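Asks: Quick one: structure below, then a few questions.
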Amino acid sequence: SRFETCWPALMKDSHGVIIIFNPEFPSHLKEIEMWYSCFVQQQPLLDSQCLLVAHHKPGSAGDTENLSLAYPLNKLKLIHSNLEDDPEDVRMEFMKYFKSIITFINESREREEMSIIS
């Protein structure tokens with residue numbers, strides 16, 4: 001990718017990664033393995049800091065039941081977004097994700113402070 005030189009700057013001090021893909025393109029399923037490897041595993045971030053979003057375009061079949069991802073992607077939180085049907089569900093999932101990231105950051109900061117004190 002021609003943007004690879006920018007990746008280290010994007011990754012620096014990041015606390016979470018959201019990967020959005022179109023499940024109807026088999027090539028996307030291969031690409032998200034690469035994104036996961038570069039942006040999550042190599043950082044390293046925990047799997048709980050990563051959110052996968054399978055975005056279904058309006059009018060697409062949107063088969064949300066049969067999307068089975070291979071290891072290690074199958075360990076990640078996966079949500080399906082289809083803004084025609086239920087944008088509220090997607091919003092709630094995003095809020096849950098952001099809250100979990102904020103909790104993680106706060107706990108990390110507290111651990112750091114305790115290690116400085118002790």
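Asks: Please determine whether any residue of the stretch 110-118 is open to solvent by less than 100 Å² (accessible area, probe 1.4 Å) and touching a residue at least 12 places away in the same chain (Cβ under 8 Å).
Replies: Looking through the stretch 110-118, none of the residues is open to solvent by less than 100 Å² (accessible area, probe 1.4 Å) and touching a residue at least 12 places away in the same chain (Cβ under 8 Å).
Asks: Against the conditions (1) closer than 21 Å to residue 3 by Cα; (2) surrounded by fewer than 10 Cβ atoms within 10 Å (Cβ to Cβ), where does residue 59 fall short? Just the number, please.
Replies: Residue 59 satisfies every listed condition except (1).
Asks: Can you pull out the residues in the stretch 16-34 that are assigned to a loop (DSSP other than H, G, I, E, B) and surrounded by 13 or more Cβ atoms within 10 Å (Cβ to Cβ)? I'd like the intermediate steps shown before the answer.
Replies: At the first step, the residues of the stretch 16-34 found to be assigned to a loop (DSSP other than H, G, I, E, B) are 16, 22-25.
Scanning the stretch 16-34 gives 16, 22, 23, 24.
Asks: Tell me which residues, restricted to the stretch 71-84, are open to solvent by less than 60 Å² (accessible area, probe 1.4 Å) and either over 13 Å from residue 41 (Cα atoms) or acidic (Asp, Glu) (or both).
Replies: Of everything in the stretch 71-84, those that are open to solvent by less than 60 Å² (accessible area, probe 1.4 Å) and either over 13 Å from residue 41 (Cα atoms) or acidic (Asp, Glu) (or both) turn out to be 78, 79, 80, 81, 82.
Asks: Moving to a separate point now. Could you list, in sequence order, the residues of the stretch 69-118 that are under 18 Å from residue 51 (Cβ atoms), assigned to a loop (DSSP other than H, G, I, E, B) and not aliphatic (A, V, I, L, M)?
Replies: Answer for the stretch 69-118, where residues must be under 18 Å from residue 51 (Cβ atoms), assigned to a loop (DSSP other than H, G, I, E, B) and not aliphatic (A, V, I, L, M): 71, 72, 82, 86.
The values are calculated or read from the model by the stated rules, or taken from the named source; none is laboratory data. Owing to the predicted nature of the structure, the values given are computational and were not obtained by experimental measurement. Ideal geometry is used to build each Cβ from the backbone, glycine not excepted, and the neighbour counts take in all protein chains shown. In case anyone asks, the SASA skips ligands and DNA or RNA and just uses the protein heavy atoms, side chains included. Shrake-Rupley method; radii C 1.70, N 1.55, O 1.52, S 1.80 Å.
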